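See structure below.
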Amino acid sequence: MRADQETKEAVNKILEKMAQAITAKDITAYMRLFAKDPNMLTVGLEEAEMSIGANQLQTRMQETFKEAETISLKYGWTTVKGNGPVAWVASHPTYNIKKKGQEALSLSTRLTGILEKIDGNWLWVQMHFSMARNIHEAVADAFKKIEADKAKEAEAAQAAEAEGEEAAPPAEAGKEEEPAEEEAPAKEEETGGFYELP
């Protein structure tokens, strides 16, 4: 649903204030833009960046600001829609960050979020940053991870087997090994015209 002009202008001001607070690394100004609802949800770009409630978000953003030498957010195309006291936003911002001791990064991101008008003020109640990625590269990386996990499991199994062999007690001197009982041949089980050996 298309937002009215007043809502659009108010939400665009929130977006501008957020970009300004990020550039200034001003955690107080940044947190003023978010609802104090304990269920307020924000998801960032990194795997561990998910916060529920204002306290978790503040802790996470303080760490981000602390790690960054410079940081900024520049909006690309942006849409604002709304219905009464609720508005939702989609944007394509560029996220620029230079962490201490690292090269500067310029990341093409996607932002979606929901704002609610609470006591006359528009505030974020949900926000999600993500990064576009080539699906073929993502699938290839997923298969690489599967193979790496399998290799780790095989190494762990080999290590456990080697430890078991080392820990096995030596055979008693002078005691002959009893011959193993001959195993009965496995019975073939008929299953729908095919025969399977157990």
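The values are calculated or read from the model by the stated rules, or taken from the named source; none is laboratory data. For clarity, every value in this text was computed on a predicted model and none was experimentally measured. As a convention, Cβ positions derive from the backbone with ideal geometry for all residues, glycine included, and neighbour counts pool all protein chains shown.
Structure data summary
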read-out	value
Residues of the range 17-61 classified as on the phi < 0 side of the Ramachandran plot and not in a helix (DSSP H, G or I), total	22
All positions within the range 78-97 that are hydroxyl-bearing (Ser, Thr, Tyr), surrounded by 15 or more Cβ atoms within 10 Å (Cβ to Cβ) and over 12 Å from THR112 (Cβ atoms)	TYR95
Search result, residues across the range 115-126 that are farther than 12 Å from LEU15 by Cα and buried (at least 17 other Cβ atoms within 10 Å of the Cβ)	GLU116, VAL125, GLN126
So GLN102, is it out of contact with any helix residue (DSSP H, G or I) (no Cβ under 8 Å at 6 or more places or on another chain), part of a helix (DSSP H, G or I), surrounded by 10 or more Cβ atoms within 10 Å (Cβ to Cβ) and among the polar types (S, T, N, Q)	no
Top-ranked residue in the range 7-24 [being within 26 Å of the chain's Cα centre (by Cα) and buried (at least 18 other Cβ atoms within 10 Å of the Cβ); ranked as nearest to ILE71 (Cα to Cα)]	ILE22
Criterion: over 17 Å from GLU47 (Cα atoms) and either touching a helix residue (DSSP H, G or I) at 6+ places or on another chain (Cβ under 6 Å) or modelled with pLDDT under 95 (or both) - qualifying residue of LYS144, LYS117	LYS144
